[in-house]
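A.B. asks: Provided herewith is a single structure, encoded as structure tokens, for subsequent inquiry.
The values are calculated or read from the model by the stated rules, or taken from the named source; none is laboratory data. None of these values were measured; they are calculated from a predicted model. Don't worry about glycine lacking a Cβ; one is built from the backbone with ideal geometry, like all the others, and counts go over all protein chains shown.
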Amino acid sequence: MNLLHSSDFFPSCSVPVVIEPREPQQAFPEHHHDFYEIVIVEQGAGVHVFNGTPYSLNSGCVCFVRDHDRHLFEQTDGLILTNILFRAPDAFRFVSGIEQFLPSERDGVYPAHWRINQQVLQRVKGLMTLLQQAPTGERPEDIALHESVFMQLVVQLWQGCLARQENDQEGRLHQLLDWLQNHYAEQVEWPELAERFAIPLRTLHRQLKHHTNMTPQRYLTHLRLLQARHMLCHSDSSITDIAFRCGFGDSNHFSTLFKREFTCPPRALRGSG
């Protein structure tokens, strides 16, 4: 697994924050780094495998990566994102308390993935532009400018995460996407789900396709297959059991869909089933 070094990205040891656009982000193998990172997804879709667990990416996703986390990108489709690199939450000279606005691990769970709406995303993009344009010199005022703009950016993300709970259509769509990520194995009736999240059914289909580049049912199948692949690699359960646990009613149909998605049968990850 590759280790990315801060010396390859930060222009000097004094610069606290660096902006790294990826237009587009190609598939990238598993790696970790000796710095922290915030990933802002602006367009497209892909899969973020974070500490071995897959998460589906689309516009408005925010990912927080610590220096010991391992992650990779795969199945990218027009994925445009920006990486905000910083040394550590407690490594700043002129601002403090940044960690209060970052996700924190509780009971072994680290909520690394957030969603923000397009209005917040546009404000965050403006702050990222300010960081890119800020001087990268050794003067205290240059370093303080970087740190203060970064603090504004982190606060915007924090407020944006809270704002998605508001009762607007985009916020409800984000709640629906989160629900699918966590309840992929359940029987899904789209009219009932549309009523549950107060989104007209036609709007739900249109917006889900806009956000994910897939029809709703295709996206649900995609989530199920990602989780099935994770279980195949990290559990001793049989292929048939994994198929049923991930929401597939027939293991043969599951194997067909799996091969279509990943170009290899489930058994190839197992050697036996």
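A.B. asks: Consider Asp90 carefully, then state whether it is surrounded by fewer than 18 Cβ atoms within 10 Å (Cβ to Cβ), under 22 Å from Ser6 (Cβ atoms), at pLDDT 95 or above and not β-branched (Val, Ile, Thr).
C.D. replies: It is false that Asp90 is surrounded by fewer than 18 Cβ atoms within 10 Å (Cβ to Cβ), under 22 Å from Ser6 (Cβ atoms), at pLDDT 95 or above and not β-branched (Val, Ile, Thr).
A.B. asks: Please tell me if Leu162 is out of contact with any Cys (no Cβ under 7 Å at 6 or more places or on another chain), part of a helix (DSSP H, G or I) and surrounded by 13 or more Cβ atoms within 10 Å (Cβ to Cβ). Don't jump to the end; show me each part of the working.
C.D. replies: On the way: out of contact with any Cys (no Cβ under 7 Å at 6 or more places or on another chain): yes; part of a helix (DSSP H, G or I): yes; surrounded by 13 or more Cβ atoms within 10 Å (Cβ to Cβ): no.
No; evaluated as a whole, the condition is false for this residue.
A.B. asks: Now, a different point. If I ask for residues that are farther than 24 Å from Gln169 by Cα and touching a Gly at 6+ places or on another chain (Cβ under 9 Å), which ones from region 94-152 would you list?
C.D. replies: Ile143, Met151, listed by residue number.
A.B. asks: Can you tell me which residues in region 36-49 are under 14 Å from Gln75 (Cβ atoms) and either under 10 Å from the mean Cα position of the chain (by Cα) or among the hydrophobic types (A, V, I, L, M, F, W, C) (or both)?
C.D. replies: Within region 36-49, Val41, Ala45, Gly46, Val47, His48, Val49 meet the criteria.
A.B. asks: Look through Leu121, Leu145, Leu157, Leu193 and report the one residue that is surrounded by 13 or more Cβ atoms within 10 Å (Cβ to Cβ), free of Cβ contacts under 8 Å to residues at least 24 places away in the same chain and either in the same structural domain as Cys13 (by TED's automatic domain parsing) or part of a loop (DSSP other than H, G, I, E, B) (or both).
C.D. replies: None of the others qualify; the one that does is Leu145.
A.B. asks: In the set Asp90, Asp77, Asp69, which member is without any contact (Cβ under 8 Å) to a residue 12 or more places away in the chain and of a type outside the set (S, T, N, Q)?
C.D. replies: Only one candidate passes the filter, namely Asp90.
A.B. asks: Additional query: Which ones in region 124-142 are buried (at least 17 other Cβ atoms within 10 Å of the Cβ) and under 21 Å from His211 (Cα atoms)?
C.D. replies: Val124
A.B. asks: Considering region 170-190 alone, what residues qualify as being in contact with a Pro (Cβ under 9 Å, 6 or more places away or on another chain) and in a helix (DSSP H, G or I)?
C.D. replies: Across region 170-190, the qualifying residues are Leu180, Trp190.
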